[in-house]
1. Could you check, for segment 111-131, whether at least one of its residues is assigned to a helix (DSSP H, G or I), closer than 22 Å to I40 by Cβ and touching a Lys or Arg at 6+ places or on another chain (Cβ under 7 Å)?
2. Could you list, in sequence order, all residues of segment 7-37 that are of a type in the set (A, V, I, L, M) and within 16 Å of the ligand (Cβ to nearest atom)?
3. Between I156, I161, I148, which is under 17 Å from V118 (Cα atoms) and surrounded by 14 or more Cβ atoms within 10 Å (Cβ to Cβ)?
4. Of all residues in segment 57-92 being within 13 Å of the ligand (Cβ to nearest atom) and loosely packed, with under 14 Cβ neighbours inside 10 Å, which is modelled with the highest pLDDT?
5. All but one of (1) out of contact with any Lys or Arg (no Cβ under 7 Å at 6 or more places or on another chain); (2) within 24 Å of S184 (Cβ to Cβ) hold for G35; which doesn't?
6. Residues in segment 171-189: is at least one surrounded by fewer than 12 Cβ atoms within 10 Å (Cβ to Cβ) and more than 21 Å from A143 (Cβ to Cβ)?
Amino acid sequence: FFAKPWIFVRGVPSMEFLPPEGPPEIAFAGRSNVGKSSLINALLGQKGLARTSNTPGRTQELNFFVPDGFAGSAADLPPIALVDMPGYGYAQAPKEQVDAWTRLVFDYLRGRARLKRVFVLVDSRHGLKPNDLDVLGLLDKAAVSYQIVLTKTDKIKPPAIPKLMEATAKAIAKRPAAHPEILSTSSEKGRGLDELRAAIAGFAER
Ligand code: GDP
């Protein structure tokens with residue numbers, strides 16, 4: 001299904017707009033500018049699908065994507081859905097906006113039976129930041145499995161990559177929710193995309 005075209009299903013600003021539970025869901029989270037839109041577009045081989053460089057403060061929505069060609073009825077569900085979570089960590093975000101983000105994301109994390117994993121994207125130049133740790137805290141609390149994905153590894157020296165992976169693994173080793181191995185990617189160079197696709201494909205049905 002990575003070879004198929006994907007389509008945007010809907011943007012969900014609050015829980016009442018969630019699509020009914022259907023295919024297994026995989027979500028992507030990360031600080032604004034981490035390279036989340038670029039990574040989703042690179043994974044799916046579609047340039048304009050996830051919007052890149054979202055302006056800070058724009059509507060915060062969970063954006064749902066599925067491979068095309070499925071009617072979406074109970075008899076013809078897509079094998080998987082991807083959920084692009086709104087970015088976090090804008091320096092100037094007002095408190096109400098941060099609270100709204102936390103409410104939307106936490107409600108979704110806690111309430112979504114078909115959510116299988118959240119990929120938490122971390123800029124390889126910056127490593128884990130305090131607000132990433134806050135998000136890992138939400139994931140732990142909601143008992144959702146997550147996997148760290150380093151982005152933009154073309155921006156750091158190659159020997160720094162394994163060091164960062166090791167340091168990051170160590171930093172999260174004692175966290176309660178399941179968190180399998182750290183992935184490292186560059187959308188720009190196409191690095192790590194097959195590994196990430198394989199991790200996602202493991203959750204697909206049919
Ligand atoms: P988002 O806010 O997390 O969706 O981030 P974007 O995908 O819009 O990317 C933010 C900026 O980082 C843009 O200027 C991208 O061109 C750049 N970027 C994204 N991925 C990569 C990458 O793998 N390598 C490099 N060098 N730049 C990247």
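The values are calculated or read from the model by the stated rules, or taken from the named source; none is laboratory data. Quantities reported herein were computed from a predicted structural model and do not represent experimental measurements. Glycine gets a Cβ as well: all are built from the backbone with ideal geometry, and neighbour counts include every protein chain shown.
1. Looking only at segment 111-131, we keep the residues that are assigned to a helix (DSSP H, G or I), and these are 111, 130-131.
Checking the rest, the ones that are also closer than 22 Å to I40 by Cβ come to 131.
Remaining after also requiring touching a Lys or Arg at 6+ places or on another chain (Cβ under 7 Å): 131.
Yes, some residue in segment 111-131 is assigned to a helix (DSSP H, G or I), closer than 22 Å to I40 by Cβ and touching a Lys or Arg at 6+ places or on another chain (Cβ under 7 Å).
2. Listed by number, the residues that qualify are A27, A29, V34.
3. Values: I156 fails: under 17 Å from V118 (Cα atoms); I161 fails: under 17 Å from V118 (Cα atoms).
Exactly one residue qualifies, and that residue is I148.
4. Result: R58.
5. Result: G35 passes all but (1).
6. The answer is no, given that none of the residues of segment 171-189 is surrounded by fewer than 12 Cβ atoms within 10 Å (Cβ to Cβ) and more than 21 Å from A143 (Cβ to Cβ).
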